[in-house]
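Please treat every number below as a calculation from the coordinates, not as lab data. Since this is a predicted model, take the numbers as computed values, not measurements. For neighbour counting, all protein chains shown are included, and Cβ atoms are generated from backbone atoms with ideal geometry for every residue, glycine included.
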Amino acid sequence: MNRVLSDIRDSLRQSDTGEGVSRTSQRPRKRPAEGVIYPAMEFGVLGPMRACRDDHDLPLGGPKQRALLALLLLRANEAVSRERLLDGLWGEQRPASAEHTLDNYVSRLRRLLGNDRVERRSPGYALRVEPGELDLEQFEELVARGRDERAHGRVAAAAVTLSEALELWRGAALADVLYEPFAAYEAERLEELRLTALEERIDADLALGRASEVIPELEHLVRDNPFRERPLSLLMLALYRTGRQAEALAVFQGSRRRFAEELGLEPGPQLQELQRGILAHDANLKPPNLPRPTERPGSRRPVRRLAVMGVTAAVAAGAAVGLILGTGGSGASTSGLGSSEIPDAPAAIVATGDSLWSAYPGTGTVSRFDLASRSVADRVPVGGTPGMLTAGGGAVWVASVLGDRVRRIDPGTGTVTQSVRLAGAGVSALAFGSGSLWIADLVDSSVIELDPRSGTRLRTLRVHLRPTSLAVARGRIWVAGYKDAAVEEIDLSTGQTVGTVRVGNGPASLAVGLGAVWVANSLDSTVSRIDPATDSVAATIPVGSGPTSIAVAAGSVWVANEYSSSVSQIDPVRDVVVRTSRVHGRPTAVASARGMVFAGVGPLTRHRGGTLVLLHTRPISIDPALNADLLPTVSDGLTGDALVTYNHVGGPAGIQLVPDLAVAVPVPTDNGTTYTFRLRPHIRYSDGRQLRAADFRRGVERLYRVGSDSRALFDGIVGTETCTASRCDLSSGIVTDEAARTVTYHLRSADPDFLDDIANGHGLGFPVPPGTPFHDTGLVPIPGTGPYRIESATGNGIRYVRNPYFREWSHAAQPDGYPDEIELRFGLSQARAVREVEQGRADWSGDNITAQQLPALQRSYPGRLHGFSIPTTDFFKLNTSLPPFDDVRVRRALNFALDRGRIARMYGGSALAMPTCQILPPGVAGYRRYCPYTRNPSSTGRWSGPDLARARRLVAASGRHGTPVTVWGWTDDPTISPAVIRYAATVLRQLGYPTKVRLVPHAYLGEPRPRDASTIQLIAAGWGDTPFGFFKTWFACTGANTDGAFCDPRIDAAIKRAQALKATNPRAAADAWAELDRQLVDRAAWAPMIDEHAIDFVSARVHNYQAHPYWGIIADQLWIG
């Protein structure tokens, strides 16, 4: 360990001298001729937008302001018309105020850069840029010089010059304005310039005999650009020159097959000629006889491979970045703190004295890293999916993502000494300050103050956004809302909101210090600096891609940039990034201790390969419109994508909405009734066809044509009210533009859940290509855009293989999968499935562990059991229009008579089920614990036991004694066993009803519904959804799952009112949902049984377990080995 830290310090010293691996983090500049002074201004488009005067970054403002600068820089010293600027900034969604707003942006740009820089030149404006000031100009000049050097035989010089050109790139071109209307084409054009220069540099390296060194780079380039022939030829040549002839020929054969299958073409003549040359061992393929130059200082090649804890870092103000809490990058050694001690990237880090504590959702543990001994000193099992940490009051506090409790860890003993349950809460952030523990409750849109000594709730502060991050300092608490793009400030003395500040998109983390509040905006790749005195954004600072965590330490602000694998250091005086440290992994969290800043990282190593085997008792539909059985991360999500989705990770980041097939999460217009999405370019289906905008309208129309149970999610779209099984035309509600690559949804009224419905519905929001039938496709797969495609499907199972057309456009939205193949097998019982996993013949089962098996598994395989919760209620649906349940007294009698504790034990006990009397489960907006159907009801709302005597009195009063009843249940349900159905029949017999049991497979009640479906008196079911989804689907008169069992126009109206409130007052909406829940419970519209919990049991060869907060296990991110 000490040697590892020594390596880190050595690399830090080298970074100060401009040598070693950290050179890539420094800002390259064009070398001036002797005696030439650097220009006072610098402009950058090859990465996030940048303008710099005398080495000081200028505050460029918000996305539109930066976009205007980009438009002018891309046509530097040329007149850009106002019309072109307006179109580039707003496209077809130009607001009425666009002309005036443009004038304001131009005026601000003049104040920032100087009036002499931004000139009024007919028919618009021009930005004056001097030679050498723009990085794009420098890049093009260096590339031209490199080509000239190569043409004159100076190959080594050309390699150096082309490398310098490529080092000018600070990330994706126009990175922080990519979602603006003009940017897609320009970014593609610039990326093509970069790729061409990269190919030429690699070609020069090959000529210098560096074949073995460029192979990894070429493999990555070919994987990302499978139809570019030059990288293919360079890779074949490099493999051949290193004695790997067979692999070189395999590359050709693989590309030939791909060209034929996907494009209907043969490889070009040059590629074919190279293949023939390799087969013939052509002497011309040998490298030219050139002298091999010595490595120049600051080369892109690392001077050493650091151990798992090593990182290229920067030193400033006495602080160093030390990467200690992750699994390291590819090729990292395991000396010091080895990877065997670290389960995965931590979701959170917090410091206490000489220790760092880290939370690992995948293992249900919190680890303590001792800074003195440089080792993991303790590992504390806390259960669930711990994703949030804070420290204070002599304790470390931890909570699972959207869990309903916080746990107190004693740092001295490393044990959980207290577990505080917060009835109905969904914890989304923790902070400690002003002597209290503060808890963000996403369900109730509130912040809870907890006494750290007694664990009692002191007060609840209402907020006007959905809280996802907290920071406390100086008698204030700042609350960020990821979806709201805002930060709210609350005065702790009064509990009142004193200000709300609009920040960037996707604020993911907060920190307070150095006279400001700092906000990491993950979707914008920026940091907002809030001035607490004015409650306004004082600066917007571009950082790396995907900033996920932020900390203040040693006079600087430190930001972990997950997707650019870097940590940014911000100077708080100049509001600029002064150093960017590349790290060997994906940084997920930062914290400071003992004058150092530590970053937790996820692995860069790609554990690809193998076959993952999943089990499920019964077959599922492979039609995304009809699959309502398995969640998307183990079914539809493997093969398809929606416009937006949730971040595909475990931990708190999993609740973040991110763009998927769309380039951005749109902001609604027209008072919340219009959503316009711009599509990513060059996306193909698994059959090679191009994704088109019209495919999204076809996908929604198909939901109504095939009778999808969950089509109600899209009932707000204009035109859906007239859709039938034979006809559905949504051309007025979903408007598509192929040229602009846009899809615009028009809603009849504002729906703030619309984006969540697209993400939660997942398969329901998938596009479908032309020719997809408007009926159940059976065992014929529909082409999708995901990382896998269905190779085969039968009644016994589904085989998923890699989609050859897939490319990873967003690691957050749709990461490339690790297994080469995934098999989903059907037909085994729950008990048999568990044994298959236990013995290594399968890797996971989608069915609950049986109550009989759970204790033995907990004793024998605690490390292979992973607990999590997805808000789900299991219940008996009662038909209120059929006897005897058309009488509310009978319905209440059944609710009083059910022994919910006994039912929970049938599921496996409290680890898998908790008794409930209500419709909404914990973790859903509007949940307020309420249970009138229990022995000795109390204000706590807890169920305490059945009351059979009262149930019998109600039956007697109803006069419905003796009515025959049939209880319906399932032969193949993964959670609701036949034993539960038989128990319910026993209870009804005890109440005097002659009762039969009818068990059917789920397929029996599929579409079309059988004729006897309308005669069902009660049937068991389970459901997880938003509150709107619960009430609209099961209690609206036209609900997809109502089937005539319940209809009350007053309830329909209340559902509409509550949903409308969500757009303007989320807190009032939650209250309205709670009131609806209470009304329906009082009317005994259901007989709720339990709220589900889940335990995943995985095989010994499964690694990198992650459970998504909404969807559970993320199958394609599992490693097999």
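Computed on the Cα atoms alone, the convex hull of segment 211-286 gives a volume of 74 cubic angstrom per residue.
Taking the longest Cα principal axis of the chain as reference, the axis of helix 1049-1064 is set at about 30 degrees. Taking the centroid of alpha carbons for each part, segment 235-270 and segment 768-802 are 29 Å apart. Computed about its Cα centre, the charge dipole of segment 820-918 is approximately 540 debye, with only Lys, Arg, Asp and Glu carrying charge at their Cβ. So, in Å, what gap is there between the alpha-carbon centers of segment 923-951 and segment 1075-1121? Here the two parts' Cα centres lie 23 Å apart.
Along its first, second and third principal axes, ordered by size, segment 430-586 spans 44, 33, 29 Å in Cα coordinates.
With contributions of -39500 (n - 2.57) from each DSSP H run of at least four residues, the per-residue ellipticity at 222 nm computed over the chain stands at -8000 deg cm²/dmol. Separation of segment 138-178 from segment 690-752 is 47 Å, based on Cα centroids. Axis angle, to the nearest 10 degrees, between helix 245-263 and the longest C-alpha principal axis of the chain: 60 degrees. Selection among Gly1039, Ala260, Gly394 by position relative to the dipole of the chain gives Gly394 as farthest towards the positive end (Cβ unit charges, Cα centre). The relative contact order of segment 956-1015 comes to 38 percent, based on Cα pairs under 8 Å that sit 6 or more residues apart.
Rounded to two decimals, the Cα radius of gyration of segment 611-847 over 2.2 N^0.38 Å is 1.01.
What's the local net charge at Lys483, with K and R +1, D and E -1, over the other residues with C-beta under 10 Å away?
Once all neighbours under 10 Å are counted, the net charge is -1.
Between Asn803 and Tyr788, Arg789, the built amide H atoms are under 5 Å apart, and every one of these is 5 or more places off in sequence or on another chain.
What ranking of Arg608, Arg256, Arg702 emerges when the number of other C-beta atoms within 10 Å of each C-beta is taken as an exposure proxy, fewest first?
Details: Arg608 13, Arg256 17, Arg702 23.
Taking fewest neighbouring Cβ atoms as first place, the list is Arg608, Arg256, Arg702.
Its Cα centre serving as origin, segment 392-446 has a Cβ charge dipole (Lys and Arg +1, Asp and Glu -1) of approximately 140 debye.
Ordering of 1037-1043, 388-394 by packing is 388-394, 1037-1043, highest average first (other Cβ atoms within 10 Å, averaged per residue).
Charged neighbours of Gln275, selected by a Cβ distance under 14 Å, balance to -2 (K, R count +1; D, E count -1).
To the nearest 0.05, how large is the calculated FRET efficiency for Lys996 and Asp410 if R₀ is 56 Å and r is the Cβ-Cβ distance? Using R0 = 56 Å, I get an efficiency of 0.50. Counting every other Cβ atom within 10 Å of each residue's Cβ, Ser1014, Ser163, Ser568 order from fewest to most as Ser1014, Ser163, Ser568.
Think of segment 661-743 as a dipole: +1 on every Lys or Arg Cβ, -1 on every Asp or Glu Cβ, centred on the Cα centre; then among Gly688, Phe714, Asn671, Gly688 lies furthest on the positive end.
Along the axis of the charge dipole computed for segment 44-193 (Cβ charges of +1 for Lys and Arg, -1 for Asp and Glu, origin at the Cα centre), the listed residues Pro131, Thr101, Leu74 are led at the positive end by Thr101. Neighbours of Thr995, meaning other residues whose beta-carbon lies under 13 angstrom from its beta-carbon, give a summed charge of +4 when Lys and Arg score +1 and Asp and Glu score -1. Entry note, the chain: relative contact order of 9 percent, from Cα contacts under 8 Å with a spacing of 6+ residues.
Restricted to Cα atoms, segment 1024-1101 shows a radius of gyration and a Dmax of 15.6, 54 angstrom.
Computed from Cα atoms, the angle from the helix 98-113 axis to the main principal axis of the chain rounds to 50 degrees.
Taking the Cα centre of the chain as the origin, how large is its charge dipole in debye, to the nearest 20, when only Lys and Arg (+1) and Asp and Glu (-1) carry charge on their Cβ atoms?
2280
Listing Ile477, Ile1051 from fewest to most neighbouring C-beta atoms within 10 Å gives Ile1051, Ile477. Put simply, when 1075-1088, 773-786, 397-410 are sorted by average Cβ atoms within 10 angstrom per residue, most first, you get 397-410, 1075-1088, 773-786.
Normalised Debye scattering of segment 870-1092 at q = 0.08, 0.18 Å⁻¹ gives log10 I(q)/I(0) of -0.26, -1.45, counting only Cα atoms as equal scatterers and leaving out solvent. When the inverse distances between all different Cα atoms of the chain are averaged and flipped, the Kirkwood radius reads 31.4 angstrom.
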